[in-house]
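One structure, as structure tokens, below. Some questions next.
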Amino acid sequence: MKAYRAAILRFAPDNDPHACAVYEDDGLLVVGPNAQGRQVVQAVGPYQEVRQRFPGVAVTHWPGRIIAPGFVDLHSHYPQTNVIGSPAEGLLPWLENYTFPEEKRFLDLEYSAQSASFFIAELLRNGVTTALTFATSHPTSVNALFQAAQQNRLRLITGLCLMDRHAPADLLNQPAHDGSTDATEQSLLDSEALITRWHGVDRLGYAITPRFAPTSTDAQLRGAGELAAKYPDVWIQSHVAENKAEIAWARALFPASRSYLATYADFGLLRQRAIYAHCIHFDDEDRALMRDTGSAAAVSPTSNLFLGSGFFDYAGADRVGFQYGLASDVGGGTSFSPFHTMLAAYYVGREGQTKAGLSLSPQHLWWQHTAGAARALGLDGVVGNLQPGCEADFVVLNPQATPLLARKTALADSLDELLFSMVVLGDDRLIERTVISQSSQA
Ligand code: GUN
Ligand code: ZN
């Protein structure tokens with residue numbers, strides 16, 4: 001067992017997003033192994049009270065620091081690290097001119113491995129301890145990322161990008177070398193082999209990953225849905241309703257479905273553990289479909305602002321009641337920092353405020369990137385919080401990290417003021433250390 005003394009931020013276990021932060025000025029976090037040998041939170045609360053219950057445990061003291069749950073990033077693309085900051089008129093030319101050419105390079109194992117190590121180091125530097133992320137259409141890219149995540153003991157979910165049409169030929173899924181399968185069939189066989197190899201190994205999880213409906217044939221989406229039915233505890237990730245031109249394209253390709261989102265439902269790809277990036281241009285029937293299937297949105301505000309895609313409608317999501325959490329969407333997104341993402345989400349929420357009287361509180365923003373995102377993944381009580389039983393992934397924040405942060409946080413009169421100062425002024429400098437849950441089997 002180990003114990004850490006500092007200020008501690010966590011969230012009430014019932015996960016009400018609006019007023020659920022719990023903050024201890026002088027707290028103690030006690031971590032120790034669970035039955036599987038993984039370090040989890042054993043106790044948390046005011047220092048004086050918790051210390052009495054664990055008198056023999058050595059305490060590491062971080063005066064002036066804040067312990068907070070590791071961040072959960074609901075959507076990104078590890079092969080797009082080099083694509084950050086590539087300007088384009090909108091999503092489709094951005095994909096064609098910048099993203100697809102870069103993703104082709106992940107056929108190479110060496111390139112994939114080097115990119116995977118950099119990506120994971122960048123997540124950790126920014127305090128992200130759980131990530132759902134895209135790889136490319138090359139199995140090498142998936143294996144490289146799982147290997148790097150396993151070495152770093154990160155909780156990471158990824159999968160082979162399914163795309164069997166409407167992209168450059170050398171980025172599409174490939175048939176078997178001996179011609180025994182076509183590209184579609186092979187992509188599904190490869191996905192299943194990767195599930196068998198990686199899903200549930202250490203802290204790794206598999207996500208069935210159709211890129212988006214326009215780059216898959218009906219046969220590929222049908223096969224992805226069948227795979228999802230066969231493996232109910234794997235995740236599903238894709239994109240939906242991000243950009244007007246993309247939506248028109250998807251509607252033209254799948255005219256029988258009621259909407260772009262409904263296309264995924266028609267192929268069995270909406271359910272719990274299905275995470276759809278963007279979800280901007282929805283009507284209420286789409287929102288109800290998200291809610292009724294237990295699917296969740298990965299809200300990606302820096303990406304949506306950078307690519308001019310639009311504004312996630314928080315008021316609509318809350319009115320109908322579907323789940324969502326925050327995501328960097330690197331490389332459409334502009335930053336690995338959860339602070340930058342939370343601030344962009346605040347701007348987006350302000351846009352909605354003028355329409356619906358809604359404003360996002362700093363507690364709600366922080367929740368969306370920790371406990372709320374974990375809940376969207378079906379991992380509440382496992383990650384994204386520091387309640388007893390949660391895996392001991394946490395960040396140590398230094399509110400003195402820059403002169404302006406020190407000056408501003410010292411003036412905070414309330415928890416909301418303190419959190420807002422960090423959301424607005426924070427970046428990777430605020431993350432003094434990132435602690436990942438250890439396993440005695442490691
Ligand atoms: N839609 C399909 N592929 C992508 C992608 O790589 N990034 C974003 N933002 N949207 C997509
Ligand atoms: Zn994306």
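The values are calculated or read from the model by the stated rules, or taken from the named source; none is laboratory data. Every value quoted in this text rests on a predicted model; they were computed, and no experiment measured them. Positions of Cβ are generated from backbone atoms using ideal geometry, with glycine treated the same way; all protein chains shown enter the neighbour counts. Surface accessibility is based on the protein's heavy atoms, side chains included, excluding ligands, DNA and RNA. Shrake-Rupley method; radii C 1.70, N 1.55, O 1.52, S 1.80 Å.
Which of the following residues is farther than 19 Å from GLY332 by Cα, of a type outside the set (A, V, I, L, M, F, W, C) and within 16 Å of ligand 2 (Cβ to nearest atom): SER216, SER137, SER117?
Step by step, each of SER216, SER137, SER117 is checked, and only SER216 is farther than 19 Å from GLY332 by Cα, of a type outside the set (A, V, I, L, M, F, W, C) and within 16 Å of ligand 2 (Cβ to nearest atom).
Check the stretch 347-370 and report whether any residue there is open to solvent by less than 40 Å² (accessible area, probe 1.4 Å) and within 16 Å of ligand 2 (Cβ to nearest atom).
Scanning the stretch 347-370 turns up no residue that is open to solvent by less than 40 Å² (accessible area, probe 1.4 Å) and within 16 Å of ligand 2 (Cβ to nearest atom).
Residues in the stretch 307-330 that are out of contact with any strand residue (DSSP E or B) (no Cβ under 6 Å at 6 or more places or on another chain) and in contact (Cβ under 8 Å) with a residue 60 or more places away in the chain: how many?
4
Follow-up. Please work out which one of (1) among the small types (Gly, Ala, Ser); (2) more than 15 Å from ligand 1 (Cβ to nearest atom); (3) surrounded by 17 or more Cβ atoms within 10 Å (Cβ to Cβ) is the condition ALA288 fails and give its number.
Unmet condition: (3).
Only residues that are open to solvent by 20 Å² or more (accessible area, probe 1.4 Å), out of contact with any helix residue (DSSP H, G or I) (no Cβ under 7 Å at 6 or more places or on another chain) and not in a helix (DSSP H, G or I): list them for the stretch 398-442, please.
Those that are open to solvent by 20 Å² or more (accessible area, probe 1.4 Å), out of contact with any helix residue (DSSP H, G or I) (no Cβ under 7 Å at 6 or more places or on another chain) and not in a helix (DSSP H, G or I): LEU411, ASP413, SER414, GLU432, ARG433, VAL435, GLN438, SER439, SER440, GLN441, ALA442.
Among residues belonging to the stretch 245-268 that are outside any loop (DSSP other than H, G, I, E, B) and open to solvent by 50 Å² or more (accessible area, probe 1.4 Å), point out the one that is nearest to GLY331 (Cα to Cα).
The extreme case among them is ALA245.
On to the next question. Quick test of your reading of the structure: ASP108 fulfils all but one of (1) away from ligand 1 (no atom under 16 Å from the Cβ); (2) over 20 Å from ALA169 (Cβ atoms). Name the failing condition by number.
Exception for ASP108: condition (2).
LEU227 fails exactly one of the following numbered conditions: (1) closer than 23 Å to GLU110 by Cα; (2) in contact with a strand residue (DSSP E or B) (Cβ under 6 Å, 6 or more places away or on another chain). What is the number of that condition?
(1)
On to the next question. In the list GLN237, GLN220, GLN272, which residue meets the criterion of being more than 14 Å from ligand 1 (Cβ to nearest atom) and either of a type in the set (Val, Ile, Thr) or touching a residue at least 60 places away in the same chain (Cβ under 8 Å) (or both)?
Answer to the check: GLN272.
On to the next question. Can you tell me which residue within the stretch 163-185, out of those that are under 30 Å from ALA252 (Cβ atoms) and hydrophobic (A, V, I, L, M, F, W, C), is surrounded by the most Cβ atoms within 10 Å (Cβ to Cβ)?
That would be MET163.
Out of LEU160, LEU188, LEU221, report the one residue that is among the hydrophobic types (A, V, I, L, M, F, W, C), closer than 30 Å to SER259 by Cβ, open to solvent by 10 Å² or more (accessible area, probe 1.4 Å) and in contact with a strand residue (DSSP E or B) (Cβ under 9 Å, 6 or more places away or on another chain).
Exactly one residue qualifies, and that residue is LEU188.
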